[in-house]
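The values are calculated or read from the model by the stated rules, or taken from the named source; none is laboratory data. The model shown is predicted, which means the values in this text are computed figures rather than measured ones. Note that we place each Cβ from the backbone using ideal geometry, even for glycine, and neighbour counts take in every protein chain shown. Protein only, heavy atoms only, side chains kept; ligands, DNA and RNA dropped before computing areas. Shrake-Rupley method; radii C 1.70, N 1.55, O 1.52, S 1.80 Å.
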Amino acid sequence: MKKKISITVFTFALILSLRLFCGVYNHDEFAESHFFIKHRPIWKWKFYSPLGMSDMKSEELSEEEQIEQKYFEEFIKERSLSL
């Protein structure tokens with residue numbers, strides 16, 4: 001019984017760690033998905049750039065898209081994952 005509880009707790013902790021420290025981003029130029037390890041824990045799993053390769057400015061985006069763009073820049077661009 002204790003072994004089952006230990007295995008369950010370990011599995012839960014592993015899945016939670018993967019969720020918090022790993023993610024997937026869509027490349028802003030080639031539209032390909034890439035797996036990466038985050039530099040800090042955050043619940044967000046999928047990252048994408050609302051701006052992409054367009055000439056728009058972040059001020060032209062909606063508030064939700066601006067937040068998404070900030071996440072993309074922090075987790076992807078600043079780590080040189082998508083150039």
Residue selected from the range 58-80 under the condition surrounded by 11 or more Cβ atoms within 10 Å (Cβ to Cβ) and in a loop (DSSP other than H, G, I, E, B), by the criterion modelled with the highest pLDDT: 61
Taking into account only those residues within the range 16-34 that are within 16 Å of residue 82 (Cα to Cα) and hydroxyl-bearing (Ser, Thr, Tyr), which is most open to solvent (accessible area, probe 1.4 Å)? 33
Need the failing condition index for residue 13 against (1) within 27 Å of residue 78 (Cα to Cα); (2) small (Gly, Ala, Ser); (3) surrounded by 10 or more Cβ atoms within 10 Å (Cβ to Cβ), just the number. (1)
Going by what's in this entry, would residue 44 be described as open to solvent by less than 60 Å² (accessible area, probe 1.4 Å) and either in contact with a strand residue (DSSP E or B) (Cβ under 6 Å, 6 or more places away or on another chain) or polar (S, T, N, Q) (or both)? no
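Each row is one residue, and each column tells you yes or no for (1) in a helix (DSSP H, G or I); (2) surrounded by fewer than 15 Cβ atoms within 10 Å (Cβ to Cβ); (3) under 12 Å from the mean Cα position of the chain (by Cα).
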position: 36; (1), (2), (3): no, no, yes
position: 39; (1), (2), (3): no, yes, yes
position: 53; (1), (2), (3): no, yes, no
position: 56; (1), (2), (3): no, yes, no
position: 82; (1), (2), (3): no, no, no
State yes or no: is residue 49 surrounded by 10 or more Cβ atoms within 10 Å (Cβ to Cβ), modelled with pLDDT under 90, polar (S, T, N, Q) and in a loop (DSSP other than H, G, I, E, B)? no
